[in-house]
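Novice: Provided herewith is a single structure, encoded as structure tokens, for subsequent inquiry.
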Amino acid sequence: MTLHIYGDNIDTDRIIPGKYTKTLDISSLAAHVLEDLDPEFKEKVQPGDILVAGKNFGCGSSREQAPIALKQAGIKTVIAEDFARIFFRNAINIGLPIIEIGPHNIKTDSAIEIDLAQGHVMDTTYNKLYQGTQLPQIMMDILSADGLVNYLRTHQKFKVENQV
Amino acid sequence: MTITEKILSKHIGEHVRPGQLIICPVDGVMATDTTAPLAIKAFESMGGTKVFDPKKCALILDHAVPAPNERIANLHVMMRQFAKEQGIELFDIGEGICHQVMVEQAYVKPGHVFIGADSHTPTYGALSAFACGVGSTDLAATMMTGSIWLKVPESIKIICHGQLQDSVTAKDLILFLVGKITISGATYKAIEFNGEVFENMTLASRMTITNMVAEMGAKAGLISSRGLKLDYSFDDIYIPDANANYSEVYEFDISSLENQIAIPESPDNTVNSSVVAGTKIDYAFIGTCCNGRLEDLQAAAEVLKGHRIPKGVRFLIAPASKKTMMDAMNNGTLQTLMDAGAAILTPGCGPCVGTHQGVPGNNETVISAANRNFRGRMGNPNSNIYLASPAVVAASALAGEIISPSKLKS
Ligand code: SF4
């Protein structure tokens, strides 16, 4: 598992340029993910890798193709200080786990353990625990269904007993 | 509590706090010809058969109308079919821009929670509604279930003291505020506009203000319902509590504010109009969900009355709705504008988003009453867009260069 670390304000155009988004073939998106930010990313990324970012990750347009492209490329989880709101929604809705942990000092050699349900990230190399925002049950349920389409295909409605 | 917290608390039946995730019943959903086709696909993939309440759903053809090509014509056909099967109201070509139609037809009312698959949905905060924009999958889920998961946002309070000068409008004020808060300064938050200057505004001007919270990254933007005049009665008064908590409070004195212009290529690049006065323009445009309403057309007509725009400048107007257009026709506004040389387009988004009509040519400069001036926004990356109030757009059309209306007279 490799950590891919980037900075603040990574916008959706840099995650997946608009010119590649007009397709229903979502597997084609992985070939262009982050290409204007880090042209080597698509060669380096392995299934199960983690993307680590700073503030306002996913700002810009409302394109659902941004989290889809990261997921298609094999990114298992995105850790950031915080996310832009439509990216946050879209990531959960398409089944890409994300976790907000505030200011952090995660480095490429950090060995990390993520507990999504508890909302924390442990950096065992530097012995630092980041207590982030806990995802409520409903969002955990959408993620474990691999997205909102599958969740609703199964349940037909939001399970209200999970309301926080 | 803030206005947002009051509305959301009422909807879920418990006291909400910022940061909390809630599943919130909605009072209405809307999608346009840009977002509805994907949402319909997602709805079907979810196993959706019936929308939660056909009366609370609306589909609108506004972004590319009349259809400019076969592909878009077929997407329109798909929407008409879905609307018919589901018993949903479909506002067909020429009815107007989604946001204007939702307000005119009272799909959205004070205190509502409204979800739209368009980024300018926060406009409805002009009526003290909590309204936010989402993507297609979210919209599909909301149409199916009648509810949406939401994180209760923190709120920013913007207080304006003083009164606007005569030739200075809501558009100048919101351009100024976008310049101050910046394009990402309100990301994830709700903005509440506070003070008499907002509460004394017409509904149309309030909508111009809340429309552009999208240009500050906000999730919603609200003005209290105090002073709001609608042509139906509404009970609840949505005003923030005196001890409501805000993450940030901004205060401005706006008494000496001048006409504002957003220069290319971002709506937060705002300057006093005097800074760019004299910039030659080829094309003037009035319309959009930001400034295509009757009072905007009247402001332009007042500047243009008895004058004719010079050769070499073209002037396009796309009324925000059919009602706007008919009102402007009946009171003579349209006559004045056309006498001055304006071309009138089908009510709808018109040239705003560069999908079909009114695309500028290479190296052309546009002065526009819209809300976005990103590179290529109107369909040509080799053109420049300046944003201004309708009166400034009209004055500039007449002068062939950027000018404030007060300078025109002298
Ligand atoms: S008028 Fe422009 S900004 Fe408004 S909904 Fe239409 S395309 Fe979007």
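The values are calculated or read from the model by the stated rules, or taken from the named source; none is laboratory data. Note that the structure is a prediction, hence the values are computed from the model and not measured. FYI the Cβ positions are ideal-geometry reconstructions off the backbone, even for glycines, and counts take in every protein chain you see. Surface accessibility is based on the protein's heavy atoms, side chains included, excluding ligands, DNA and RNA. Shrake-Rupley method; radii C 1.70, N 1.55, O 1.52, S 1.80 Å.
Novice: Scan region B:392-405 and give yes if some residue there is over 27 Å from B:Gly306 (Cβ atoms) and of a type in the set (A, V, I, L, M), otherwise no.
Specialist: no
Novice: May I ask you to list the residues in region A:117-141 that are assigned to a loop (DSSP other than H, G, I, E, B) and among the polar types (S, T, N, Q)? Before the answer, list the steps.
Specialist: Our first condition is that a residue be assigned to a loop (DSSP other than H, G, I, E, B); within region A:117-141, this holds for A:117-119, A:124-127, A:132-136.
A:Gln118, A:Thr124, A:Thr125, A:Asn127, A:Thr133, A:Gln134 - these are the residues of region A:117-141 that are assigned to a loop (DSSP other than H, G, I, E, B) and among the polar types (S, T, N, Q).
Novice: Another one. Would you be able to tell me the number of residues in region B:242-268 that are out of contact with any His (no Cβ under 8 Å at 6 or more places or on another chain) and either assigned to a strand (DSSP E or B) or open to solvent by 60 Å² or more (accessible area, probe 1.4 Å) (or both)?
Specialist: 12
Novice: Right, next: So, of the residues in region A:63-122 that are open to solvent by 30 Å² or more (accessible area, probe 1.4 Å) and polar (S, T, N, Q), which turns out to be nearest to the other protein chains (Cβ to nearest Cβ)?
Specialist: That would be A:Gln65.
Novice: A further question follows. For region B:25-40, name all the residues that are open to solvent by 20 Å² or more (accessible area, probe 1.4 Å) and within 11 Å of B:Ile60 (Cα to Cα).
Specialist: Of everything in region B:25-40, those that are open to solvent by 20 Å² or more (accessible area, probe 1.4 Å) and within 11 Å of B:Ile60 (Cα to Cα) turn out to be B:Thr34, B:Thr35.
Novice: Quick check on this structure: which one of B:Lys171, B:Lys189 is open to solvent by 30 Å² or more (accessible area, probe 1.4 Å) and farther than 19 Å from B:Asp118 by Cβ?
Specialist: Among B:Lys171, B:Lys189, only B:Lys189 is open to solvent by 30 Å² or more (accessible area, probe 1.4 Å) and farther than 19 Å from B:Asp118 by Cβ.
Novice: Let me ask something additional. Out of the helices (runs of 4 or more DSSP H) lying entirely within region B:98-188, which hold 1 or more residues that are away from the ligand (no atom under 16 Å from the Cβ) and at pLDDT below 95? Outline the logic, then answer.
Specialist: Working: elements: B:98-104, B:136-145, B:170-181.
Output list reads B:136-145.
Novice: Residue by residue through region B:97-135, note down the ones that are open to solvent by 20 Å² or more (accessible area, probe 1.4 Å) and at positive phi.
Specialist: Passing the criteria: only B:Ala106.
Novice: Checking B:Met207 against (1) on the phi > 0 side of the Ramachandran plot; (2) within 13 Å of the chain's Cα centre (by Cα), which test does it fail?
Specialist: Of the numbered conditions (1) on the phi > 0 side of the Ramachandran plot; (2) within 13 Å of the chain's Cα centre (by Cα), the odd one out for B:Met207 is (1).
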